[in-house]
Amino acid sequence: MNYLLETVDLSVAFGEQTVLNKVSLRIPKQRFTSIIGPNGAGKTTLFNLLSGQLTPSQGKIKYKGQDITHLPPAARTRLGIGRSFQLTNLFPKLTVRENIRLAVQAAQGVRFRLWISQADQMRQAEEVERLLHLVLLEKKADVLASLLAHGEKRKLELAMLLGLRPDVLLLDEPTAGISLEEVPAVLRVIESIKDSNSCTIILIEHKMDMVKSLSDHMVVLFHGELLAEGTPTDMMRNEQVQSAYLGGLYKHDAAT
């Protein structure tokens, strides 16, 4: 199998506290992988390591076979690793369309070019409109980002990440902090990204129904260690997973 992202004995400690302990993973291309576990399991720490916000105490991270363990975040972004955070990061005084255009232009290296052809401008405009449609924000295209509802800001952030043309997309609780009414729209956007096969997606999310419906593969962390991994069905039936994280909530599903 062709693996896009790998970790080898990845560990990180803060003082005497080990937060992640020898986690080895292989993330296949064009698959949707969810990382689950109780609070404090090390999920966000793992994302911080993958995206370069943290440096591991030991172990390696490989991307397309290249050792990126000590590369800074910006260098990883240029290689094709995009990451969303639990807090949105937008340009509030620009419109939705302008936010997306900046990301598209960055991916095309516009800021390093003194002149842009009309054909390139048209391609940029087409890509911006495609992304607006993908994240269901066509009707908000000319609205300032600061005026969007929280769920809409999440969708805009996803559009901007996709505008950078990532090969792998790290989604850190994309529905965190949004209202129940907004969750289905964000879910539809993520489903559309998955269906487009444009990138490999790795998700951290606590909403188990969402995880089960989206995931091809699930990874379970517990106390900073890899507890189990497999298909969503296998993980729901895994007694260790039920005991450590699910609390028996899915025992009925396992029995049916």
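Taking the numbered list (1) open to solvent by less than 10 Å² (accessible area, probe 1.4 Å); (2) touching a residue at least 40 places away in the same chain (Cβ under 8 Å) in turn, residue 186 passes all entries but (2). The single condition from (1) among the polar types (S, T, N, Q); (2) surrounded by 15 or more Cβ atoms within 10 Å (Cβ to Cβ); (3) not in a strand (DSSP E or B) that residue 21 fails is (3).
Looking across the range 124-144, the residues that are more than 26 Å from residue 47 (Cα to Cα) and buried (at least 22 other Cβ atoms within 10 Å of the Cβ) come down to 128, 137. Restricting attention to the range 165-216, the residues that are farther than 19 Å from residue 47 by Cα and among the hydroxyl-bearing types (Ser, Thr, Tyr) total 5. In the set (1) over 25 Å from residue 104 (Cβ atoms); (2) at pLDDT 90 or above; (3) open to solvent by 10 Å² or more (accessible area, probe 1.4 Å), the condition left unmet by residue 204 is number (3).
The values are calculated or read from the model by the stated rules, or taken from the named source; none is laboratory data. Predicted model, so just to flag it, every value in this text is computed and none were measured. No Cβ is skipped: glycine too gets one built from the backbone with ideal geometry, and neighbour counts run over all protein chains shown. When the accessible area is computed, the model is the full protein with side chains, heavy atoms only, and any ligands, DNA or RNA have been set aside. Shrake-Rupley method; radii C 1.70, N 1.55, O 1.52, S 1.80 Å.
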